[in-house]
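In what follows, a structure is listed as structure tokens, so that the remarks can point back to it.
The values are calculated or read from the model by the stated rules, or taken from the named source; none is laboratory data. Predicted, not measured: the structure shown is a model, and the values here were computed from it. Quick reminder, even Gly has a Cβ in these numbers, built from the backbone with ideal geometry, and neighbours come from all protein chains shown.
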Amino acid sequence: MEVSSGLTRVQALAQSGLSRVPPQFIQFPENRPIHQDPRAATTSSSFVNSDADIPVVNLFGFDPDQTNSVREAIRRDCREWGAFHVIDHGIPVSLLDDIKRVGLTFFNDCPMSEKLRYACDPSSAASEGYGSRMLQSSDQQQNDAVQILDWRDYFDHHTLPLSRRNPSSWPNFPPDYREVITKYSDEMKILAQKLLGLISESLGLRTSCIEDAVGDFYQNITISYYPPCPQPELTLGLQSHSDMGAITLLIQDDVGGLQVLKDGDKWVTVKPLSNAILVLLADQTEIITNGKYRSCEHRAITNSNRARLSAATFHDPAKSVKISPASELLGESSPPKYRGVVYGDYVSSWYTKGPEGKRNIDALVLDS
Ligand SMILES: O=C(O)CCC(=O)C(=O)O
């Protein structure tokens, strides 16, 4: 197994029956998850766990009679959390079940030799396919000796615009895999458009304001698979980050492990809610709304008993689009808080420096 090259398939490592994780997976103490066990007392983390629950917004199937109260709930949850579950969202439950089923079948039932036929190019950021990514900080990149790996394998699909969508580069096992991803992509796009409309309106903006700023969606669907981990107290499934684009729609199975950072210092576990979809505001929405709504920092923790699966659908601008605070939100008493940025430059910097929480978006904040 190629642990040192960063190409380890975490699932294969977990199945090899090891009782301790290889050193490359051990997080610095301040980044380790806070487990309620005596060793936690020795961590230098300044974070705490919180029992709070992520809010739930009932979209009432987008019934126009409910729009005012839905907008109000969205406004509150965007301000307080940057994340919320939505229910009665109009996506068929069978489709939510299907995407989890096809993802799980690929990870659990495909032989490794078949999975590797879809291996993504590890030297190119965000390339499509089957991967086990390593997210590095710049200090770590300069020092190849220190590389911290995520306890996660994934499959990334490029789904929109249609010119990027090539189902023949996705698995065809189970046989409906490609059809399910295609349907899911189309449905998520519609939901993302409707949500960005409500989010714009919740700030008193035109319905299409955020969508117009983002332009045609570049959409990726990433199915993440987190195998059981023998030392969950030392590892992360996915290190803390906020998403780069505009809006992420995420579903997870019933295992649990996603955490969002509340008020900068409390990790809140997102309890799985059947048939709900989690909305995560991403960095470009923070810029467009001039910081009225902040992107949500999140991470995935691991556990020693059960593998966990999630499907995240990212909606991003094209790389050539310049993102700036919406002019409607600016005035003498509300100057721009962020420097405008060409999205492609933002992505390059994210991949060069690594996420480390929200440091990439924080670098665009203007002095007040
Ligand atoms: O697995 C999860 O719940 C989180 C996934 C995620 O944050 C990502 O893919 O960026």
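Points to keep in mind about this one:
- Condition check for Met188 on (1) modelled with pLDDT of 95 or more; (2) surrounded by fewer than 21 Cβ atoms within 10 Å (Cβ to Cβ); (3) not hydroxyl-bearing (Ser, Thr, Tyr): one failure, at (2).
- The lone exception for Thr313 - which of (1) within 15 Å of Leu196 (Cα to Cα); (2) away from the ligand (no atom under 16 Å from the Cβ) it fails: (2)
- Residues being in a loop (DSSP other than H, G, I, E, B), away from the ligand (no atom under 14 Å from the Cβ) and closer than 26 Å to Ala119 by Cβ - total across the range 218-234: 2
- Taking (1) in a helix (DSSP H, G or I); (2) closer than 21 Å to Phe84 by Cβ in turn, Thr352 satisfies each apart from (2).
- In the range 298-310, the residues that are more than 10 Å from the ligand (Cβ to nearest atom) and out of contact with any Lys or Arg (no Cβ under 9 Å at 6 or more places or on another chain): Asn303, Ser304, Asn305, Arg306, Ala307
- Extreme residue, surrounded by the fewest Cβ atoms within 10 Å (Cβ to Cβ), among residues of the range 235-251 that are assigned to a loop (DSSP other than H, G, I, E, B) and of a type in the set (S, T, N, Q): Thr235
- Residue within the range 244-251 that is among the β-branched types (Val, Ile, Thr), in contact (Cβ under 8 Å) with a residue 24 or more places away in the chain and more than 10 Å from the ligand (Cβ to nearest atom) present: yes
- Boolean, Ser185 is touching a helix residue (DSSP H, G or I) at 6+ places or on another chain (Cβ under 9 Å) and touching a residue at least 40 places away in the same chain (Cβ under 8 Å): no
- Restricted to the range 265-282, and to residues there that are over 26 Å from Phe60 (Cβ atoms) and surrounded by fewer than 18 Cβ atoms within 10 Å (Cβ to Cβ), the residue that is farthest from the ligand (Cβ to nearest atom) is Asp265.
- Residue-level analysis places Gly17 outside the set of residues that are surrounded by fewer than 11 Cβ atoms within 10 Å (Cβ to Cβ), within 30 Å of Lys194 (Cα to Cα), at pLDDT 85 or above and more than 22 Å from the chain's Cα centre (by Cα).
- Considering the conditions (1) at pLDDT 95 or above; (2) more than 9 Å from the ligand (Cβ to nearest atom), Gly237 is excluded by exactly one of them, (2).
- Just so you know, in the range 252-264 the residues that are under 25 Å from Ile199 (Cβ atoms), more than 9 Å from the ligand (Cβ to nearest atom) and in contact (Cβ under 8 Å) with a residue 40 or more places away in the chain include one that is surrounded by the fewest Cβ atoms within 10 Å (Cβ to Cβ), and it is Lys262.
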